[in-house]
Amino acid sequence: MPPRRLLLRGVLTAALVAVVSPFVHVIDFFYRREAEGVKRQKIANMRDLTPGGFIYFSYPQTGDPKIDNDPFRQFVLIMTEDGQLRVYSRVCVHLWCLPSYIQTRRQLICPCHGSIYREEDGVAIEGPAAYQSYPTNALPMGKIEVDGNGDIWMVGVDGRIGYGREWHNIKPDELVRRV
Amino acid sequence: MSSNNIKNVKELVNSLWKWTVDRLERTTIVVFKFTVPKQYVSPFGYLGTLTAIVFAILGVSGAFLMFYYRPDVELAFLSVQEIQEKVPFGYIMRNIHYHASNLMVLLAVLHLYYQYFSGRYKIKNEVLWVTGVILGVLTVLEAYTGYNLIMNQRALLAVNIGMGLTYSAPLLGPTIAPIFLGGGLFDLIIRFYALHVFILPLIMLLLAVVHFPRALVIDFPIISAVVGVIFISAGLFPAELGIRFDLTRGVVEVPEWYLTAIYAFLRAGTERFTAGALLPLLFVILFLIVPFVDRSKKLSWRDRPFFTALGVASIALVAITTVWGFYVDFSKETAFDQLYIEPTLFYGLIGGVTLSSFYVTYFYLSRQKRGQRPPPTRPIVLSSRASAVLMTTLLILVAGAVAGTFYTYSINLPNHSMFYLGVAFILFGLLLHIYRHTISVEERQKGAK
Ligand code: FES
């Protein structure tokens, strides 16, 4: 090809790339970023909780009941007997039923096929979820911050809701920050 | 009307028809050669066309269902219930859609295997073959997204498995899964809806344009029978509503029959991605590459022992896992135990059955000597009088079946009604067949004179 033609081709290609390049952002259209837990949301105050206490809440909250009631936004905040804070997704990693926190047993128990999760790290110790392979045998956890006023804020999610959490990598305590 | 008038009308219609056909020359439609066979030809040769016709039925019935269906987490189930229980004719519309979808998957599978065993992927048909395999995969995805829209327990089971295996896909899984899931179930259902009613069918249509061979066989008697089969199966196995998804209640569920094979693997403890995506993908890839591996000039299954044996083994594997996926041991106490499949037994048995069916077929075919083809059977020729009698009898039977359809519909037994209608369609197909048979016999006799 003569060099001049080559140059023209090059210019044309560059221009083409330039006009279509803004469409790389099209990918954003397919995600609901806010659902991936980037929001900072107040969920309770330390005064609201005593050891063994728990609060169900939805995150990220939008004010639209249809969205807020979605199972994928259901979480539970637990204060363990020794005063540790834990937030778990309430979507069972087996088949997505909603486990409840049972205070007397200090476990999360799924009503559907009886998976049982430990309160300290959300790992399934019994039932079908316990037989699933790592990392699909643990509940995703909420990342929280506790500020000077004792307000508890949820700031994100560790793990994938309805799927699992890589609990070998991040210990539950690392998900609670004092600010 | 005088005979002159009739003649004029006839001429008008004729010239209008000619005018239209002339103009159609400018469109792409003339690329297709539609053949309406004058006598019975085996439907195995044009199972693809039948699949496409069922696809059209699905398009129409599905479009009507959209009038009432609401793609919303809370309302979806209720709207399907409304269609099923309150909307006049809704029960039947939904059953047509549901059973046509099952039939489409079934026809597509039969089509695949018939073409496979008769070596049709050769003789320059590679593009047809590859698009066909892709269409088959899309058909299953289309059916999958469809039955999830009901948002009953069964739907949620399937959604859960689907999302789980997408998430566990290496590399791209965690990026792709949220595209379907969005911000939760409330997003997911609308996205599945968009896929089901628009995106997937559109891709399928475009692929079908490439996949269609230039000559299409449109055989009305068989089409009528196919419609009849949809109605009869709807009458015998009415589509169920299931139980609304309830995240506090464990139910033992089994997916639709074209997914129970995957379910069997999952229940035997196979990792999700392997069971739900990798194994099916291997299967699909096997079919995709077959035309490029099997380079012999031979077409008949008898002359290709290896590939025939491979096909038979794949049928054996699909059959055994499909049936196994359905089996639930209700003697066990918990839902989990009822569904549990002992892996060693499972893998041992499916491995054994698959391999042995391969070897038996292979050795049988490679040892056998080519026998003589059986002499062609003499076709039955009906006299004009016999056909007249037969057709009248069939007409009476059709009328009876239709009367039954109306009657059972009026006393609110829609599934009986569909059964009768199915019978009517099959009888009508038979009637049509005898009609064309008689006409062609008469024409041949005329030609002989
Ligand atoms: S859904 Fe929780 S145990 Fe099955």
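The values are calculated or read from the model by the stated rules, or taken from the named source; none is laboratory data. If you're wondering where the values come from, they're calculated on a predicted model, not measured in any experiment. Cβ sites come from the backbone with ideal geometry, for glycine too, and all protein chains shown count toward neighbours. The accessibility values were calculated without ligands, DNA or RNA, using every heavy atom of the protein model including side chains. Shrake-Rupley method; radii C 1.70, N 1.55, O 1.52, S 1.80 Å.
Could you figure out which of (1) modelled with pLDDT of 80 or more; (2) of a type in the set (S, T, N, Q); (3) open to solvent by 70 Å² or more (accessible area, probe 1.4 Å) isn't true of B:Thr344?
(1)
Report yes if B:Thr131 is closer than 30 Å to B:Leu241 by Cα and either in contact (Cβ under 8 Å) with a residue 60 or more places away in the chain or of a type in the set (Phe, Trp, Tyr) (or both), otherwise no. Let's see the steps before the verdict.
On the way: closer than 30 Å to B:Leu241 by Cα: no; either in contact (Cβ under 8 Å) with a residue 60 or more places away in the chain or of a type in the set (Phe, Trp, Tyr) (or both): yes.
In short, no.
For B:Ala424, indicate whether it is without any contact (Cβ under 8 Å) to a residue 60 or more places away in the chain, of a type outside the set (S, T, N, Q), open to solvent by less than 30 Å² (accessible area, probe 1.4 Å) and closer than 17 Å to B:Val226 by Cβ. Even if it seems obvious, please write down each step before you answer.
Values: without any contact (Cβ under 8 Å) to a residue 60 or more places away in the chain: no; of a type outside the set (S, T, N, Q): yes; open to solvent by less than 30 Å² (accessible area, probe 1.4 Å): yes; closer than 17 Å to B:Val226 by Cβ: yes.
Answer is no for this residue.
Can you spot a residue in region A:159-166 that is away from the ligand (no atom under 16 Å from the Cβ), over 25 Å from A:Lys42 (Cα atoms) and not in a strand (DSSP E or B)?
Within region A:159-166 (the criterion being away from the ligand (no atom under 16 Å from the Cβ), over 25 Å from A:Lys42 (Cα atoms) and not in a strand (DSSP E or B)), the answer is yes, since at least one residue qualifies.
Can you confirm whether region A:100-110 contains a residue that is among the hydrophobic types (A, V, I, L, M, F, W, C), within 16 Å of the ligand (Cβ to nearest atom) and open to solvent by less than 10 Å² (accessible area, probe 1.4 Å)? Steps first, answer last, please.
Going residue by residue through region A:100-110, those that are among the hydrophobic types (A, V, I, L, M, F, W, C) are A:102, A:108-110.
With within 16 Å of the ligand (Cβ to nearest atom) added as a condition, the list becomes A:102, A:108-110.
Retained after the next criterion (residues that are open to solvent by less than 10 Å² (accessible area, probe 1.4 Å)): A:108, A:110.
Looking for residues that are among the hydrophobic types (A, V, I, L, M, F, W, C), within 16 Å of the ligand (Cβ to nearest atom) and open to solvent by less than 10 Å² (accessible area, probe 1.4 Å), one finds at least one in region A:100-110, hence yes.
Picking from B:Arg272, B:Arg214, which residue would you name as being assigned by TED's automatic domain parsing to the domain that holds B:Ala100 and at pLDDT below 85?
That would be B:Arg214, the only listed residue that is assigned by TED's automatic domain parsing to the domain that holds B:Ala100 and at pLDDT below 85.
In this structure, is B:Phe287 more than 14 Å from chain A (Cβ to nearest Cβ), open to solvent by less than 50 Å² (accessible area, probe 1.4 Å) and more than 25 Å from B:Arg120 (Cα to Cα)?
Values: more than 14 Å from chain A (Cβ to nearest Cβ): yes; open to solvent by less than 50 Å² (accessible area, probe 1.4 Å): yes; more than 25 Å from B:Arg120 (Cα to Cα): no.
Judged against the criteria, B:Phe287 is not a match.
Among (1) within 14 Å of chain B (Cβ to nearest Cβ); (2) open to solvent by less than 80 Å² (accessible area, probe 1.4 Å); (3) at pLDDT 90 or above, where does A:Tyr56 come up short?
In the conditions (1) within 14 Å of chain B (Cβ to nearest Cβ); (2) open to solvent by less than 80 Å² (accessible area, probe 1.4 Å); (3) at pLDDT 90 or above, A:Tyr56 misses (2) alone.
I need the helices (runs of 4 or more DSSP H) fully contained in region B:278-347, keeping only those with at least 1 residues that are over 30 Å from A:Gly127 (Cα atoms). Give the steps one after another, and end with the answer.
On the way: elements: B:279-293, B:305-326, B:335-339.
Hits in region B:278-347: B:279-293, B:305-326.
Here is a list: A:Asp82, A:Asp70, A:Asp48, A:Asp64. Which entry is under 30 Å from B:Ala275 (Cβ atoms) and free of Cβ contacts under 8 Å to residues at least 40 places away in the same chain?
Details: A:Asp82 fails: under 30 Å from B:Ala275 (Cβ atoms); A:Asp48 fails: under 30 Å from B:Ala275 (Cβ atoms); A:Asp64 fails: under 30 Å from B:Ala275 (Cβ atoms).
Matching residue, one of A:Asp82, A:Asp70, A:Asp48, A:Asp64: A:Asp70.
Within region A:76-95, how many residues are open to solvent by 10 Å² or more (accessible area, probe 1.4 Å) and away from the ligand (no atom under 16 Å from the Cβ)? Can you show your working first?
Taking region A:76-95 as the starting set, the residues that turn out to be open to solvent by 10 Å² or more (accessible area, probe 1.4 Å) are A:79, A:81-84, A:86, A:90, A:94-95.
Checking the rest, the ones that are also away from the ligand (no atom under 16 Å from the Cβ) come to A:79, A:81-84, A:86.
Total meeting the criteria: 6.
Check A:Glu120 against each of (1) within 16 Å of the ligand (Cβ to nearest atom); (2) in contact with a Ser or Thr (Cβ under 8 Å, 6 or more places away or on another chain); (3) open to solvent by 30 Å² or more (accessible area, probe 1.4 Å) and name the one condition it does not meet.
The single condition A:Glu120 does not satisfy is (1).
Suppose we keep only residues that are assigned to a loop (DSSP other than H, G, I, E, B) and either buried (at least 20 other Cβ atoms within 10 Å of the Cβ) or away from chain B (no Cβ under 14 Å) (or both) within region A:123-134. Which one would you say is farthest from the ligand (Cβ to nearest atom)? Show your work before the answer.
Of all residues in region A:123-134, those assigned to a loop (DSSP other than H, G, I, E, B) come to A:127, A:132-134.
Going one step further and asking which of them are either buried (at least 20 other Cβ atoms within 10 Å of the Cβ) or away from chain B (no Cβ under 14 Å) (or both), we end up with A:127, A:132.
Values: A:Gly127: 5, A:Gln132: 10 Å.
That would be A:Gln132.
I need the helices (runs of 4 or more DSSP H) fully contained in region B:159-253, keeping only those with at least 1 residues that are surrounded by 21 or more Cβ atoms within 10 Å (Cβ to Cβ) and facing chain A (nearest Cβ under 10 Å).
Working: elements: B:173-181, B:185-194, B:200-211, B:220-236.
The helices (runs of 4 or more DSSP H) meeting that bar are B:173-181, B:185-194.
Just the residues that are surrounded by fewer than 19 Cβ atoms within 10 Å (Cβ to Cβ) and within 14 Å of chain B (Cβ to nearest Cβ), please, taken from region A:136-179.
A:Glu166
Does A:Ala44 qualify as being more than 14 Å from the ligand (Cβ to nearest atom) and surrounded by fewer than 23 Cβ atoms within 10 Å (Cβ to Cβ)?
Numbers: more than 14 Å from the ligand (Cβ to nearest atom): yes; surrounded by fewer than 23 Cβ atoms within 10 Å (Cβ to Cβ): yes.
Yes.
Within region A:72-120, how many residues are closer than 24 Å to B:Val73 by Cβ and out of contact with any strand residue (DSSP E or B) (no Cβ under 9 Å at 6 or more places or on another chain)?
Going through region A:72-120 one residue at a time, the tally reaches 5.
Return the pairs, sorted by first residue and then second, in which the second residue is assigned to a strand (DSSP E or B) and open to solvent by 60 Å² or more (accessible area, probe 1.4 Å), the first residue lies in region A:150-178 and is in the same structural domain as A:Ser133 (by TED's automatic domain parsing) and within 21 Å of B:Arg272 (Cβ to Cβ), the beta carbons are less than 9 Å apart, and the residues are 6+ apart or on different chains.
A:Val157/A:Lys143; A:Asp158/A:Lys143
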